[in-house]
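Please read the structure below before turning to the comments.
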Amino acid sequence: MFNAQYFRTFITLVETGSFTRTARRLEMTQPGVSQHIRKLESYLGKTLLERRGRSFTLTESGRRAYDYALKLFAEHEQFRHGLDDDSLDSGECRIASPGSVGLMFYPYILGQQQMHPNLTVNYSFAFNHEIVNDLLEGRYDIGTVTEQVNHPELTCTVWHKEPLCLVVPADFAGSTLSELMGIGFINYYDGINH
């Protein structure tokens, strides 16, 4: 059966690196900490720790369980605080976009924060594929990308169309694609998607 306290004990154990310090911090006995870890391992059906005397290291399953537990408690706290305030002009909003979009959008975000001082916007710049992956992982609330995204767990809406301008040397007289390709192309990772 799922028991959040087992996960809390596990997080504390990983953070302190010690069964004794974990017991002290959680006001438990050391055997109680060991029992929580055994029960969590039993519940998950995986070994989470490789014990070496008084020390331990995380197994791959342990690392994944730790990452999950951190996310679980962060979402729980976000949910709990969200119940206190239903307004849209306060709280936290996590947004990501490619740098080119962010530079255009950032002044608007700053204006919104000035008008709504209880609103915290965490804005990150990232490549399109990173934004999509991080949205799916729950790291962002909103993502702005420069290409159409087709994923069953995401909704993609065209928000803005931006014309692009081709810049060539002043003495370039070509007019065909092959002539353009002959002068080279400066690009960044997501540039091909524009």
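Bear in mind these aren't lab numbers, they're just calculated from the coordinates by the rules spelled out. Note that the structure is predicted; figures quoted are calculated from it, not measured. Here the Cβ positions follow ideal geometry from the backbone for every residue, glycine too, while neighbour counts run over all protein chains shown.
Please report the equivalent ellipsoid semi-axes of the chain, computed as sqrt(5 x eigenvalue) of the Cα gyration tensor, largest first, in whole Å. Walk me through the numbers on the way to the answer.
Details: eigenvalues 455, 111, 40 Å².
Square roots of five times the eigenvalues give 48, 24, 14 Å.
Once amide H atoms are placed 1.01 Å from N in the peptide plane, what residues at a sequence separation of 5 or more from Val121, or on another chain, have their amide H within under 5 Å of its amide H?
Sorted by chain and number, the residues that satisfy this are Cys93.
Counting only helical runs of four or more DSSP H residues, what would the 222 nm mean residue ellipticity of the chain come to if each run contributes -39,500 (n - 2.57) and the total is spread over all its residues?
Per the formula, -15500 deg cm²/dmol.
Just to confirm the filter: which GluC sites (Glu not before Pro) across region 1-102 are DSSP coil and have at most 13 other Cβ within 10 angstrom of their Cβ? Spell out each step's value before the answer.
Numbers: sites: Glu15, Glu27, Glu41, Glu50, Glu60, Glu75, Glu77, Glu92; in loops: Glu27.
Within region 1-102, the qualifying GluC sites (Glu not before Pro) (loop, at most 13 other Cβ atoms within 10 Å) are Glu27.
Relative to the first principal axis of the alpha-carbon coordinates of the chain, what is the inclination of helix 99-115, with its axis defined by its Cα atoms, in degrees from 0 to 90 and to the nearest 10?
Roughly 70 degrees between the two axes.
Which residues make up the longest stretch of the chain clear of chymotrypsin sites (Phe, Trp or Tyr not before Pro) that lie in a DSSP loop with no more than 15 other Cβ atoms within 10 Å, not counting the sites?
3-158
Binned at 10 Å from 0, what are the whole-percent values of the Cα-Cα distance distribution for region 87-143, short to long?
Pairs per bin, as whole percents: 25, 50, 24, 1.
Give me Rg over Rh for region 4-83, both radii from the alpha carbons and Rh done the Kirkwood way, two decimal places.
Rounded to two decimals, Rg over Rh is 0.99.
Residue by residue through region 17-34, what is 3J(HN,Hα) from phi via Karplus (6.51 cos²θ - 1.76 cosθ + 1.60, θ = phi - 60°)? Round to whole Hz and write x for glycine and proline.
Going residue by residue, I get x, 8, 5, 5, 5, 5, 4, 4, 5, 8, 6, 10, 8, 4, x, x, 4, 4 Hz, with x marking Gly and Pro.
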